[in-house]
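The values are calculated or read from the model by the stated rules, or taken from the named source; none is laboratory data. These numbers come from a predicted model, not from an experiment. Don't worry about glycine lacking a Cβ; one is built from the backbone with ideal geometry, like all the others, and counts go over all protein chains shown.
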């Protein structure tokens, strides 16, 4: 399904960012189970919140890339925001941010940590 169908009220430039983030998530996590509602795209090891790894949330002027378990990850470049005890997010305002190798590295580390977490829960 096209993102414009899922998020019909989002501006084209925001949908472009979301689409490129989706491609990056699937490049890093090709076996992800993808789900969506009217506000978010979710990517995880299966259905449900506990198996979630990444969330893409298109807003009106940026896209949040949510990282489950992000609070426990090293973030030497300070890419993540949020004060939650478990999760963090990155506000992506420009397509150029997606090409940042630090972003991809952080996402790879997040996926690695999520695989360990998920195995412990099994």
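Which condition from (1) in a loop (DSSP other than H, G, I, E, B); (2) surrounded by fewer than 21 Cβ atoms within 10 Å (Cβ to Cβ); (3) touching a residue at least 12 places away in the same chain (Cβ under 8 Å) is the one that residue 9 breaks?
(3)
Which residues, counting only those in the range 46-57, are modelled with pLDDT of 95 or more, surrounded by fewer than 21 Cβ atoms within 10 Å (Cβ to Cβ) and over 17 Å from residue 15 (Cβ atoms)?
None; the set is empty.
Which condition does residue 80 not pass, out of (1) closer than 20 Å to residue 6 by Cα; (2) buried (at least 18 other Cβ atoms within 10 Å of the Cβ); (3) without any contact (Cβ under 8 Å) to a residue 60 or more places away in the chain, if it passes all the others?
(1)
Among the numbered conditions (1) under 18 Å from residue 112 (Cα atoms); (2) touching a residue at least 60 places away in the same chain (Cβ under 8 Å), tell me where residue 20 comes up short.
Every listed condition holds for residue 20 apart from (1).
Inspect all residues belonging to the range 101-114 and state whether any of them is within 29 Å of residue 8 (Cβ to Cβ) and assigned to a loop (DSSP other than H, G, I, E, B).
The answer is no, given that none of the residues of the range 101-114 is within 29 Å of residue 8 (Cβ to Cβ) and assigned to a loop (DSSP other than H, G, I, E, B).
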